[in-house]
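Have a look at the structure below before the remarks.
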Amino acid sequence: MRAAVLHTHGEPPSHAEHPDPVAGEGVSVVRVTAAPIVPLDLLCASGTSYFGPPALPYVPGVQGVGVVEESATVAPGTRVFFATSAGMAAGDGSFAERAAVPDADLIVLEAPVRDAAVAAIGLSGVAGWMMLTWRARMQVGERVLVLGGGGAVGQVAIGAARVLGASQVVAVVRSDASRERALSAGADEVVALSTDVDELTGRLGAPTYDVVVDSVFGVAATAASRVLAPGGRLVNLGGSSNDEAVFSSAVLRSKSASILGYTNNALTADQRRDALTAVLQHAATGEITVAYETVTLAEVASAWNRQTTGNTPGRLVLTLS
């Protein structure tokens, strides 16, 4: 089969022939139709992640969409979303014409959303939804601040906050392109990121926020903590800006505010399935969107380099059919 195969850590994968996967006990074979290139793919392939350097060669791709070809648990022809452990454990991922997937990692798709759009949303959609509902326990009428509003998680969180009844959704972004993505996702207001915490705090204004969805941390998280409402919750997913932030004990105590961590890895298979299903139901009506661009499998090396530099109009999705 054709696949994107990584031969050297830190280098882009190349379009090449690779052995077909084989179904087995507890493992299905999926014909892949779309697969997103996400930051975790690049991290694993670099050989510097905390998972350790993956054995080479291997096929990257931690998420994908496709149609079941062989399975003991799901009927052939069923359309599915799936996750893989490519780069984190032995085995190949979704950047190929076919992928071997543990049965527990298959999610049957029913919403009428294009495969490429499902791939673009993927586990980012799960995170954006669950950070609001499961960790922050957002209530109707609350104000929501989304840090990193131009990213995939941020765009989903903006749309999800509106669906869940937020009274106001404000996004913080890095660039003009991110600003447009956040507005398209449904943000009421967009604030430009600043590296000066006092300046950013001022830009966020007098309104206080009940929930902060944070995938950047650093200065943005520090500023956001200062504008939390009494009982406010800041939920952190990652540190794309910085791995450290500074919080005032007096500020947190005076507001009885909470700083909460989040990872999809803490979810059960049922939680992942239910969250993705909910997000895709709203994606089908246009209430939740993620900007993306499709590229072919043959273009994987250039797409990989673009993802590395951030030179993209949104999520890059490999299409295989």
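Miscellaneous remarks
- Only a single item in (1) open to solvent by 10 Å² or more (accessible area, probe 1.4 Å); (2) closer than 30 Å to residue 234 by Cβ; (3) within 18 Å of the chain's Cα centre (by Cα) is not met by residue 165, and it is number (3).
- Counted residues, the range 206-228 - those being open to solvent by less than 60 Å² (accessible area, probe 1.4 Å) and either out of contact with any strand residue (DSSP E or B) (no Cβ under 8 Å at 6 or more places or on another chain) or closer than 17 Å to residue 150 by Cβ (or both): 13
- Residue selected from the range 308-321 under the condition in contact with a strand residue (DSSP E or B) (Cβ under 9 Å, 6 or more places away or on another chain) and either without any contact (Cβ under 8 Å) to a residue 12 or more places away in the chain or more than 23 Å from residue 160 (Cα to Cα) (or both), by the criterion least open to solvent (accessible area, probe 1.4 Å): 318
- Any hit, the range 229-240, residues being closer than 24 Å to residue 38 by Cβ and open to solvent by 60 Å² or more (accessible area, probe 1.4 Å): yes
- Unmet requirement for residue 194, which otherwise passes all of (1) within 27 Å of residue 266 (Cβ to Cβ); (2) open to solvent by less than 20 Å² (accessible area, probe 1.4 Å); (3) of a type in the set (S, T, N, Q); (4) part of a loop (DSSP other than H, G, I, E, B): (1)
- For the range 87-103, a tally of residues being in contact with a Ser or Thr (Cβ under 9 Å, 6 or more places away or on another chain) and either open to solvent by 50 Å² or more (accessible area, probe 1.4 Å) or over 22 Å from residue 50 (Cβ atoms) (or both) returns 8.
- Residue identified as in contact with a His (Cβ under 7 Å, 6 or more places away or on another chain) and aliphatic (A, V, I, L, M) among 144, 163, 191, 170: 163
- Residue selected from the range 290-307 under the condition touching a helix residue (DSSP H, G or I) at 6+ places or on another chain (Cβ under 6 Å) and open to solvent by 40 Å² or more (accessible area, probe 1.4 Å), by the criterion farthest from residue 183 (Cα to Cα): 294
- The range 246-257 residues that are among the β-branched types (Val, Ile, Thr), paired with ones that are at pLDDT 95 or above (beta carbon under 7 Å, 6 or more apart): 246/222; 251/225; 251/226
- Restricting the range 273-289 to residues that are of a type outside the set (Val, Ile, Thr) and open to solvent by 60 Å² or more (accessible area, probe 1.4 Å) leaves a set whose member that is nearest to residue 104 (Cα to Cα) is 273.
- From the options 20, 41, residue that is of a type in the set (D, E, K, R), open to solvent by 10 Å² or more (accessible area, probe 1.4 Å) and modelled with pLDDT of 95 or more: 20
- Residue count for the range 23-32 satisfying the condition of being closer than 13 Å to residue 61 by Cα and open to solvent by 10 Å² or more (accessible area, probe 1.4 Å): 0.
- Residues in the range 158-172 that are of a type outside the set (S, T, N, Q) and outside any loop (DSSP other than H, G, I, E, B): 158, 159, 160, 161, 162, 163, 169, 170, 171, 172.
- Any hit, the range 94-109, residues being polar (S, T, N, Q) and touching a residue at least 60 places away in the same chain (Cβ under 8 Å): yes
- Answer residue from the range 69-86, given it is in contact (Cβ under 8 Å) with a residue 12 or more places away in the chain, over 19 Å from residue 35 (Cα atoms) and aliphatic (A, V, I, L, M) and is least open to solvent (accessible area, probe 1.4 Å) among those: 74
- Tally of residues being touching a strand residue (DSSP E or B) at 6+ places or on another chain (Cβ under 7 Å), within 19 Å of residue 310 (Cβ to Cβ) and small (Gly, Ala, Ser) across the range 149-202: 7
- Whichever residue in the range 216-259 is among the small types (Gly, Ala, Ser) and assigned to a loop (DSSP other than H, G, I, E, B) and, among such residues, is modelled with the lowest pLDDT: 241
The values are calculated or read from the model by the stated rules, or taken from the named source; none is laboratory data. Note that this is a predicted model, so its numbers are computed, not measured. With ideal geometry, Cβ positions are generated from the backbone for all residues, glycine too; neighbour counts draw on all protein chains shown. The accessibility values were calculated without ligands, DNA or RNA, using every heavy atom of the protein model including side chains. Shrake-Rupley method; radii C 1.70, N 1.55, O 1.52, S 1.80 Å.
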